[in-house]
Every structure is written in C-alpha cells, then in structure tokens.
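Peer 1: Below you'll find the structure I mean.
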Amino acid sequence: MVFHMVAFSKDETIVWQQFQKGKNTSNIAEEHKTEKWNPAYVSRVLNRAREKIAKTLKEHANSHRLDIETLLDYKGLLIGFDYQTSCQVYIVYTEKLGVIVWYKHDSYGGKLCPNCPKEKECIETLDTITQEYNLPLRDEEKKLCTTSRAITIFNKLAAKETPRYKRKGGDKNGKE
C-alpha cells in the first residue's frame, strides 16, 4: 500500500499548530489579520488539514489490518484494534516524527521498562506527542513506566478539549 504522508501547505501548518495549542479559528484569524485571514478562511484551512490527517491515519490503520474504533482527526488520533495481537493500537500524527503507530503492550520481547532496548526511543516519541499536543502530565504520571505513561498520554489526547469554531460575538454577551 502506498502511504500519503501528510503534506501541509504553509497555512495548514500554521493553523494546525495554533489549533493544537488551544486557539480557536477567530483567534487564529485575528493573529493573522495582516495576511487578510478571516475565521471562515481559517476554518477551511483547518478542515483541509483534518482531511489530510484522517486519510493518512486511515491508510495506516488499513495497512495494519486494524478495526477502526475511533477517529479524532482534529486531534490527529486514530484508535484501532488489532485482532491478531488482541490489543488496542493508537495511531497519532506528529509534525516532527510523522505518523506514529503504537501498539498497547506490557513488554517488548519480554523485556519490561526500563530494561527494554527501545525505552529511550519510546520516551522521545511520547515527549514529542506531549509537546506538540500541549498535554500536561502530573508528577506521578511522569514517574509511570513508559508503557503506562503511553496509555495515559493517549487517553489525555483523546479526552483533550479542543477549541471551537467560534466567531467573534459567539455568546450572548458578545465575548468569545
């Protein structure tokens, strides 16, 4: 299967990054008013980015023969299930590393964290996800073994509140 990597335009990259940092379309448009962006334009750009991410995540899920349980394209996350290994699989889009496919597991070849030869790589991957998606971890969550921390991070990403597509004057008091 041919994978189409997520190739964002310059505007899609900016909008995606700012949206993941918690800004809504009105705020993003306001910050780019010198470029003549308006909330409708930002919304269209964000939707294009979401479509590209959804397509890429689905392609990865299909290539791994996963049943798709949840697709949260606005969070860059797909949760699937692999019946061959009887485990949940998280597929996450990151700008730095591309698409990450993470099988829920307790050990790597029978080796538990921190004796696993892949632990450093796993930690770097999880750190990238927490930074790009601005996911705070409590001190006790940071101390979890890597496999447990991973599930905590994916659950936080799935539950993360996302900004709404709001226009100025979105509520009855005229506030955003």
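Peer 1: Using the Cα centre of the chain as the reference point, and only Cβ charges (+1 on K/R, -1 on D/E), how large is the resulting charge dipole? Debye, rounded to the nearest 20.
Peer 2: In total the dipole reaches around 580 debye.
Peer 1: Ok, one more. At 7 Å along Cα-to-Cβ for each site, give me the label-to-label distance between LYS160 and PHE81 in nm.
Peer 2: 2.5
Peer 1: Another question about this same structure. Is it possible to state the helix-based mean residue ellipticity at 222 nm for the chain, with each DSSP H run of 4+ residues giving -39500 (n - 2.57), the sum divided by total residues, to the nearest 500 deg cm²/dmol? What is it?
Peer 2: Calculated at 222 nm, the ellipticity per residue is -13500 deg cm²/dmol.
Peer 1: Ranked from highest to lowest mean number of other Cβ atoms within 10 Å per residue, what is the order of the peptides 82-88, 71-77?
Peer 2: With the highest mean Cβ count within 10 Å placed first, the list reads 71-77, 82-88.
Peer 1: Listing THR70, THR34 from the residue with the fewest other Cβ atoms within 10 Å to the one with the most, what is the order?
Peer 2: In increasing order of surrounding Cβ atoms, one gets THR34, THR70.
Peer 1: Please flag any cysteine in the chain that has no other cysteine's Cβ under 4.7 angstrom from its own Cβ.
Peer 2: Singleton cysteines: CYS87, CYS116, CYS122.
Computed from the coordinates by the stated procedures, all read-outs in this text should not be read as laboratory data. Small disclaimer: the values here were computed from a predicted structure and weren't measured. Cβ coordinates were reconstructed from backbone atoms using ideal geometry, including for glycine residues, and neighbour counts include every protein chain displayed.
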